[in-house]
Amino acid sequence: MEIIFLGTGGGRWITLTQKIKTGGFRIHSSKKIHIDPGPGAIVSLSEAEISSIDTDVLIITHCHPDHYNDGEILIEAMTYGMTKNRGVLACSESVLLGKDGIGPGISRYHQSKAQEIVVLKPGVGFNIDGIKVETFTTRHSDPAAVGLKIFTPEGVVTYTSDTEYFDGIADLYAGSNIIIFNVIRPQNDRIPYHYCTDDVIRVLREVRPGPNLAIMQHFGMKMLGKEVYEARRVEEETGIRTISARDGMVVDVNEGISIGKVGDKIIRDVKQKRLEV
Ligand SMILES: [Zn+2]
């Protein structure tokens, strides 16, 4: 399995300035899954020489533009330019139907071209080709936002999505090999509905059993230039290996975990497969 971070930025000001990218990330296992394609996802795929068409599952955890913006374009890719009913479209209720005055974020026309639609709610997930996706609750300004626990043949990846800390949240992350945290601000610079670094420390101290690796991403403006230091601090405080993601970073999870970047061996594999199609 490879986890490919196309864009590691989040929040309004990073999205508007594009100081770092906002295209979300992908999991390449037995299926190709794109998660939270914010603005620029399609551009970042092109730059990474990953075929947008080679997408089997599109997951959008909530209806904020830094998560859903390029969703319709990804559906156009996944359906071979809207010529086939193809792929799984799994999104929060707010993204697909609209909820609490938010959304929908994907047109009915685009929804109609997915082969399968899943309205993600806490406890409602799906299975596809040996991959199981479970969902859990968050506390975010889109109340329909969900977090993800993705069981692949190579390991369990948990994605917090956007949330603030609440009692019991660590239990939701238990038993993961990798946890991907959306951390908008450094230190204890806490704003509602989001994690800051000190929240990540608190959660990681509580998760039993803890992960092999924690990855921080979805950085806001105040995190820029501090990500590496903040990840090191989390690792020192918790004893859990922790890294900050960078745009274009690839985490290769097979026998062990290795870190690379798009353009390395992993992308050559993708190119190879594309040629075989
Ligand atoms: Zn959000």
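General observations
- Helix-derived mean residue ellipticity, 222 nm - over the chain, DSSP H n ≥ 4, -39500 (n - 2.57), to 500: -6500 deg cm²/dmol
- Length gained on full extension, residue 16 to residue 73, computed as 0.36 nm times the residue gap minus the Cα-Cα distance: 18.6 nm.
- P(r), alpha carbons of the chain - 5 Å bins starting at zero, rounded %: 1, 6, 14, 18, 21, 18, 12, 6, 2, 0, 0
- Hits among aspartates and glutamates - C-alpha to C-alpha of residue 113 under 17 Å, sequence gap 8 or more where chains match: 54, 56, 70, 72, 76
- Footprinting exposure proxy for 1, 221 (fewest neighbouring C-beta atoms within 10 Å first): 221, 1
- Other residues within the sphere of radius under 9 Å centred on the Cβ of residue 62, judged by their own Cβ, net out at -3 (K and R +1, D and E -1).
- Loop GluC sites (Glu not before Pro), the stretch 41-77, which have at most 14 other Cβ atoms in a 10 Å radius of their Cβ (DSSP): 49
- Neighbour-count order for 181, 136, fewest beta carbons within 10 angstrom listed first: 136, 181
- Annotation for residue 259 and residue 212: the two label points, set 7 Å from Cα along the Cα-Cβ direction, are 1.6 nm apart.
Read the figures in this text as sums done on the coordinates, not as results from a lab. Please read these numbers as outputs of a predicted model, since none were measured by experiment. Glycine gets a Cβ as well: all are built from the backbone with ideal geometry, and neighbour counts include every protein chain shown.
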